[in-house]
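Okay, so here's the structure we're looking at.
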Amino acid sequence: MAEHRNGKQSDGKASGSSSDYSINQENFVQRLQRFYTHWKEHKVDLWGGSDALAVATPPPSEDLRYLKSSALNIWLLGYEFPETIMVFMNKQIHFLCSQKKASLLETLRRSAKDAVGTDIVVHVKARGDDGAGLMDEILRVVSTQSKSDDPVMGYIAKEAPEGKLLEMWSEKLKGSNIQLNDVTNGFAELFAVKDETELTNVKKAAFLISSVMKYFVVPKLEKVIDEEKKVSHSSLMDDTEKAILDPSQVKVKLRAENVDICYPPIFQSGGEFDLKPSASSNDENLYYDSTSVIICAIGSRYNSYCSNLGRTFLIDANVMQSKSYEVLLKAHEAAISALKPGNKTAAAYQAAISIVERESPELLPHLTKSAGTGIGLEFRESGLSLNAKNDRVLKAGMVFNVSLGFQNLQSQTKNPKTEKFSLLIADTVVISEKNPDKKPEVVTSISSKAVKDVAYSFNEDEEEEEGTAVKPSMGNGVEPFASKATLRSDNNEMSKEELRRQHQAELARQKNEETARRLAGGRLAAGDSRGAARASSDLVAYKNVTDLPAVRDPMIQVDQKNEAILLPVSGSTVPFHVATIKTITSNSDNRTSSIRIVFTVPGTPFNPHDASTLKFQSCIYLKEVTFLSKDAKHISDMVQQTKNLRRQVTSRESERAERATLVTQEKLQLSSNKHKNIELRELWIRPPFPGRGRKLPGSLTAHVNGFRYSTSRSDERVDILYGNIKHAFFQPSEKEMITLLHFHLHNHIMVGNKKTKDVQFYVEVMDMVQTLGGGRRSLKEDDELLEERRERERKNKINTDFLSFVNRVHDLWGQSPQFKGLDLEFDQPLRELGFHGVPHKSSAFIVPTSSCLVELIETPFLVITLSEIEIVNLERVGLGQKNFDMTIVFKDFKRDVLRIDSIPSTSLDGIKEWLDTTDLKYYESRLNLNWRPILKTITDDPEKFIQDGGWEFLNLEVSDTDSENSEESDQGYEPSDVQSDSVSEEDEDSESLVESEEEEEEDTDEDSEEEKGKTWEELEREASNADREKGDESDSEEERQRRKMKAFGKARAPQLDKRDKRSFPPSKRPKMR
């Protein structure tokens, strides 16, 4: 990440050889012409009458900072050139830099001459030279070429010199006869209007953060709230930062090396809010109780161009919160609409103020002091603040971060964490072409900010009350949705279902007896061990005070040998082991720099007390410390050294801990006869070996007691012993892109520095991506058919080679008596029994085998041994549902259950049949269950669990039979509220068919139908009328997912009439867009 902090391809990149990097000559020419034209036209008003312009770029830094000098480097040259001095004059451009940078700049000579008629002069600073002589030479040329006796040089006054080179340059300027003028405003105006290339970069950055917000942040928050997890703001920040830096996580096809963050993602809740861009995510847990507010702000950079996005999420909002958000939304939209070419910059903020004054004047004192700032190469472009005093004229091509909020509003609640709240909305906006009627383009619009998409209601009691209130509207106590499958099923289907029920009843009896024996035989430990704290070794930097190094001056130092950082505290040097440091950051302004160190404090969330810290419970821990210094370079060096040292220590300790838990295995015995080796070549491995180099394929060879996979690199080798293989799978390519062998192991092994129980070897049967129009491929139909035939032949050959390898390994295992007891066999997935579902984060095709349930294409892999399953509970199963969830409970009750979400309901019967044939007991429920407390109850009191009937509490048929005629039996499902679109359409389309059937049977079955009740025609007509009265055609699955609903704002005033619901259809599932 450090390479991206201060622009695309920082020091190590730009200072590389000229063969590795090249400057875009066309961009350079266009922007150099624009630069010189702007300088000549605005020489007096913006450039201070400067005869020359000097820009000095500081050394690279890992800290997030935005500098005009770095911005000019990237804007003009495409790269940042650290420790480089540039001096622009009418006839010459001087560069003072190292030899490697000079070789790249030499290529610009002809382009500069053609563009603006200037000569490029490169001064190469030798290693060890302070550059003083070269600087004197540049200043002499400035004085010579100036037309006046007192030459004027423009420079960026706000950037303090860093490093020896820039400090020397600053001294030379001050000691010369040259007058210095600040030209910050000139560069700000130059960068304000973006060209097409720049706008494309901004839009790509905006698309990335919009996708991260919609497809990562929102689902993450929903899951945390839905499952009532405790997650800290800082943890959410870290996860979101990783998603931004790896666009593939949100299916965005941008190169990760071109992407960076604008600032660490900000998550705030629980009454503590800071709407400034410099805010940070604290270590407090996300607070999502009723009337709580969550603010999230994220920013990303693509090719160093910034984009920003901020959203506020309302949880069970009250009237005050809902009204305030609606006013803020209107004000935000008004500010965006005012951003048109020819308007003054202040018009945006004035438009927002007008809305607030008209809609809710009492909120005006809480409104932020500006509506945002310009954004581009810098996160906040100077001179383009959207405040009430800025009279700069807006132009097409300008880009703004329109950020508006209310700070410290009071809510009528008694909870200290919700009595104060703030609201924030931020979007990246591009001012469109010169057409004044064209609205500005909101390039982050993918992430919705509408009230219906950010307001949530998770109050289950109110949901049940609403369901009960609607219930009488059905009329006559007749359910409107009768199951056609139940009423019209033939005898064969009923008998098949009856056989399955009888078999499941027998399985239930056997399962309860088996569970009772297991619980009685080995009393499971009471309590939940999932959150057990992991013991850590004592961290000792120095065994004795005398071991401390002598420090003359009170300054921060890093002791690499003893892995400690030495801090001056009250005149003494105090050592801290780097492993105790959680974060270390630095910040610099014009005069001083600061370093902030946050320590890992035991007993806080995600840092529980371990065996080491429990010995010192009475001690006081230092949580945070901040130092100020005038030596910015020293501060930067200390931060860099500490981070590097901490990274090394963490990596070493992590690998040591991983290896310490490995089970010692026997040594691999290599085959002596090389001619008869069973081998597969050109295979790839998952998980892959670490390292930044080019990945290489390898060979998998079967030896005497195990497999060995190796590449041409000597350190890339993996041994898999036959005795450690728990399951082996061979999956040929059918609809997938790969053919694979997968091994699920008993004990973990190390693949590189990764500890894993699943190792996979595969070959891609065809190219994942084909270049369109590439090569000399003809578009003739014959050529396309020939290409398809070649792909089929390649796929068949690969499948045949894998099958041959598997058969030969089977023969090897069958011939050796030592392997017969291991029951080794390659299992093959049964695709015809497969189904789609979400076992982890993405949808996948899950396939049963003879002994497992597997998913071997998407990572992380899924391998579930059927013999380890206690029961399976099918959740959210009901009429009208489009999908359901499968919860797998293991025989080891200390192990978390595994959930496979969003399985299509069309797969329900097939899954039931497969579970029944494999003798797995399954249950069905209409709601999702919270399994952790259930399993804890069982392990705490197994006798009571057995006495109460074991797993029969999950049996819906028993509970429904007991309460068949009671009103409570209907509370689990409200047909009137959850009719799906598909059901409504199907019923309407089939109405004529039903009528014809009824007319044919009217004469013969009239008496029997009077006894049974209403006909299908009457039932469907009543249901259709009821739906039209309600205007509610929402999908049942989305309506009831996880027993929670997204509200348009349940506490808003005035309340919506039920007949008006058609105007605000609920979203497909409770999510923020």
For the range 396-447, what does the relative contact order come out to in percent, with C-alpha contacts under 8 Å and a separation of six or more?
37 percent
Tell me, what HN-Hα J-couplings in whole Hz come from the Karplus equation 6.51 cos²θ - 1.76 cosθ + 1.60 at θ = phi - 60° for each residue of the range 70-77, using x for Gly and Pro?
5, 4, 5, 3, 5, 5, 8, 10
Specify the inter-centroid distance of the range 259-274 and the range 804-864, based on alpha-carbon positions, in whole Å.
44 Å
Relative contact order of the range 147-214 (C-alpha contacts under 8 Å, at least 6 apart) in percent is 38 percent
Sorted list, accessible surface of protein heavy atoms, 1.4 Å probe, largest first, for ARG65, ARG647, ARG311 is ARG647, ARG65, ARG311
Note down the accessible area of THR917, probe 1.4 Å, to the nearest 10 Å².
90 Å²
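Using only the Cα atoms of the range 788-853, build the gyration tensor, take square roots of its eigenvalues as a ≥ b ≥ c, and label the shape rounded, prolate or oblate: rounded if a/c is under 1.5, else prolate if a/b is larger than b/c, else oblate. All intermediate terms of the calculation are to be shown ahead of the outcome.
Numbers: a/c = 3.27, a/b = 1.23, b/c = 2.65.
Taking the square roots of the gyration eigenvalues as a ≥ b ≥ c, the range 788-853 is oblate.
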The range 293-363: chymotrypsin sites (Phe, Trp or Tyr not before Pro) falling in loop per DSSP and having at most 14 other Cβ within 10 Å:
none
For ILE597, tell me the accessible area in Å² from a 1.4 Å probe, rounded to the nearest 10.
0 Å²
Most to least accessible of SER290, SER304 (protein chains only, probe 1.4 Å):
SER290, SER304
With a 1.4 Å probe and all protein chains kept in place, how much accessible area does TYR542 have, in Å² rounded to the nearest 10?
30 Å²
Please list the non-local residues whose amide H lies under 5 Å from the amide H of GLY154, H modeled 1.01 Å from N, same-chain partners needing a gap of 5 or more.
ASP51, ALA52, LEU53, ALA54, ASN181
Spelling it out for ASP316: with amide H atoms placed in the peptide plane at 1.01 Å from N, the residues 5 or more places away or on another chain with amide H under 5 Å from its amide H are THR291, TYR456, SER457, PHE458
Could you list which residues have their amide H under 5 Å from that of SER281, counting only those 5 or more apart in sequence or on another chain, with H placed in the peptide plane?
PHE267
In whole angstrom, how far apart do the alpha carbon centroids of the range 376-400 and the range 153-218 sit?
14 Å
Quick one: Debye curve from the C-alpha atoms of the range 276-380, no solvent, what's log10 I(q)/I(0) at q = 0.15, 0.17, 0.19, 0.23 Å⁻¹?
-0.81, -1.00, -1.16, -1.33
Of LYS667, LYS220, ordered by accessible area with the largest first and a 1.4 Å probe, the sequence is LYS667, LYS220
Using θ = phi - 60° and the Karplus form 6.51 cos²θ - 1.76 cosθ + 1.60, what ³J(HN,Hα) does each residue of the range 83-97 get, whole Hz, x for Gly and Pro?
6, 10, 10, 10, 10, 9, 10, 4, 10, 9, 10, 9, 10, 10, 7
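Taking only protein heavy atoms and a 1.4 Å probe, what accessible area per residue, in Å², does the range 396-443 have with all protein chains in place?
Values: 2120 Å² over 48 residues.
Solvent-accessible surface per residue comes out at 44 Å².
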With θ taken as phi - 60° and the coefficients 6.51, -1.76 and 1.60, list the Karplus ³J(HN,Hα) couplings across the range 932-947 in order, rounded to whole Hz; mark glycine and proline as x.
4, x, 5, 5, 5, 4, 5, 6, 5, 9, x, 5, 5, 4, 5, 5
What is the percent carbon and sulfur in the accessible area of the range 8-156, measuring with a 1.4 Å probe over the protein chains and ignoring ligands?
46 percent
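The values are calculated or read from the model by the stated rules, or taken from the named source; none is laboratory data. Note that the coordinates shown come from a computational prediction; the quantities given were computed from them, not determined experimentally. As a convention, Cβ positions derive from the backbone with ideal geometry for all residues, glycine included, and neighbour counts pool all protein chains shown. Keep in mind that these areas ignore ligands, DNA and RNA; they rest on the heavy atoms of the full protein, side chains included. Shrake-Rupley method; radii C 1.70, N 1.55, O 1.52, S 1.80 Å.
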